[in-house]
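Quick notes on the structure that follows.
The values are calculated or read from the model by the stated rules, or taken from the named source; none is laboratory data. No experiment lies behind these values; they were computed from the predicted model shown. A quick note on method: Cβ atoms are made from the backbone with ideal geometry, for glycine too, and the neighbour counts reach across all protein chains shown. Areas reflect the complete protein model, heavy atoms only, side chains present, ligands, DNA and RNA absent. Shrake-Rupley method; radii C 1.70, N 1.55, O 1.52, S 1.80 Å.
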Amino acid sequence: MAMSCRYAAQSCARQLRSFRSTKASAQMLRVTFTARRSNSTETAAVNPKIAEIVDQISQLTLLETADLVSSLRSKLNIPDMPISGFAAAAPAAAAAAAEEAEETAPATAEKTLFTLKLQAFDAATKAKVIKEVKSLLGLSLVDSKKFVESAPKMMKENVPKEEAEKIINAMKELGATVVME
């Protein structure tokens, strides 16, 4: 359904560009969709519910069709596809606005949440490091051992600075190297 809506929107846009007056283009769109509808119903048996939806869509204006397509994309979680022509100018304008917003954002914003990454550990204190990882992450002993042996590996995400420093100091005392990113 989403592909047919996208196709309908694109063909509407093409036809609107070819006609100068909006009244003439709206009439032409109705004629075109009526012709397509009659051709498609003659060639294959169509579910009456689908036929009713097609009838309703064929009577929509370009703006209504665009609203329908955007509603379907958001409802069905369909990502936007790059298209050529006048519609490609909108994403470019949005990207330029985003760049301006980034430039005007304060550069002195201090990071408050950090990611902790276990870089390495001392082989002599491996058992202590495994126990500490087990208590910090709530893993089983086997999972903690696998976790420590697969270093470098991310330990925790979105950790406040004070808690991150405590974890780093505790792991440093045990002979492990933990990095705050």
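For this structure, a couple of remarks:
- Of all residues making up the range 145-176, the number that are under 19 Å from Lys131 (Cβ atoms) and open to solvent by less than 70 Å² (accessible area, probe 1.4 Å): 13
- If the condition is being open to solvent by 70 Å² or more (accessible area, probe 1.4 Å), of a type in the set (Asp, Glu) and either more than 20 Å from Arg14 (Cβ to Cβ) or modelled with pLDDT under 85 (or both), then the range 49-99 contributes Glu52, Asp80, Glu99.
- Cβ separations smaller than 8 Å between residues 6+ apart or across chains give the following pairs from the range 125-150 residues that are without any contact (Cβ under 8 Å) to a residue 12 or more places away in the chain to residues that are among the small types (Gly, Ala, Ser) and open to solvent by less than 50 Å² (accessible area, probe 1.4 Å): Lys134/Ser144.
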